[in-house]
Amino acid sequence: MEASPETVAEGRFDPSEFSDELDAAPQNLELGTSVWFENQRIRVWEVKLEPGERGAFHSHTTNYFWTVVEGSRGLQRFSDGSYIVRDYVEGETRYLEHTPQTALIHDLENVGDSTLRFVTVELLD
């Protein structure tokens, strides 16, 4: 059964607060906190954030999917100055399509009370 994230809040933030990170984000392809596996076709990342931890702005330039391994509440900020806060539920899985021309740039902060952990698989070909 696919769970949907519950949107808790959305709004705007001042991108100038993150200007250095946002300037570097198009070249930052570090999608997680560690790489578990990589070959010519896929790269498997772990994204693990303890409460209060934040992953820097980065760019998704390939098709990929993620699955929540440990759920919590996450805050995502986007390069256009918007943000969303949502609850991620264990087992929730999403597939997204991006290219260098349609890159997704965002960060992720754990604003919950427990570990937030994903496995993200980049499709490289």
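What part of the accessible area of the chain, given as a whole %, is carbon or sulfur when the probe is 1.4 angstrom?
Of the solvent-accessible surface of the chain, carbon and sulfur hold 49 percent.
Using modelled backbone amide H atoms (1.01 Å from N, in-plane), which distant-in-sequence or interchain residues come within less than 5 Å of ALA56's amide H?
Placed amide hydrogens put nothing under 5 Å from ALA56.
Compute the relative contact order of region 41-125 as a whole-number percentage, counting only Cα pairs closer than 8 Å that sit 6 or more residues apart in sequence.
Averaging sequence separation for qualifying contacts and normalising by length gives 52 percent for region 41-125.
Got a sec to turn the phi values of region 52-57 into Karplus ³J(HN,Hα) couplings, 6.51 cos²θ - 1.76 cosθ + 1.60 with θ = phi - 60°, whole Hz, x for Gly and Pro?
With the stated coefficients, region 52-57 comes to x, 7, 9, x, 5, 4 Hz.
Would any residue of region 103-125 have its amide N under 14 Å from a label point 7 Å out along Cα→Cβ of GLU17? List them or say none.
Residues 107-111 qualify, since their backbone N sits under 14 Å from the label point.
For region 119-125, just list the computed ³J(HN,Hα) in residue order, Karplus coefficients 6.51, -1.76 and 1.60, θ = phi - 60°, integers in Hz, with x standing in for Gly and Pro.
10, 10, 10, 8, 9, 8, 10
Which order do the peptides 91-99, 70-78, 52-60 come out in when sorted by mean C-beta neighbours inside 10 angstrom, highest first?
So the peptides 91-99, 70-78, 52-60, ranked by packing, come out 70-78, 52-60, 91-99.
Just one of [x] 47, 32, 28; [y] 48, 37, 21; [z] 37, 35, 22 is Cα extents along the principal axes in Å as worked out from the coordinates here. Which one is it?
[z]
Taking the highest mean first, how do the peptides 80-86, 103-109 order by number of other beta carbon atoms within 10 angstrom per residue?
So the order, starting with the most tightly packed, is 103-109, 80-86.
Express the accessible area of the chain per residue in Å², computed with a 1.4 Å probe while the remaining protein chains stay in the model.
56 Å²
The values are calculated or read from the model by the stated rules, or taken from the named source; none is laboratory data. Predicted model only: the values in this text are computed from it and were never measured. Note that each Cβ is placed from the backbone with ideal geometry, even for glycine, and that neighbours are counted across all protein chains shown. For accessibility, only protein heavy atoms count, side chains too; no ligands or nucleic acids. Shrake-Rupley method; radii C 1.70, N 1.55, O 1.52, S 1.80 Å.
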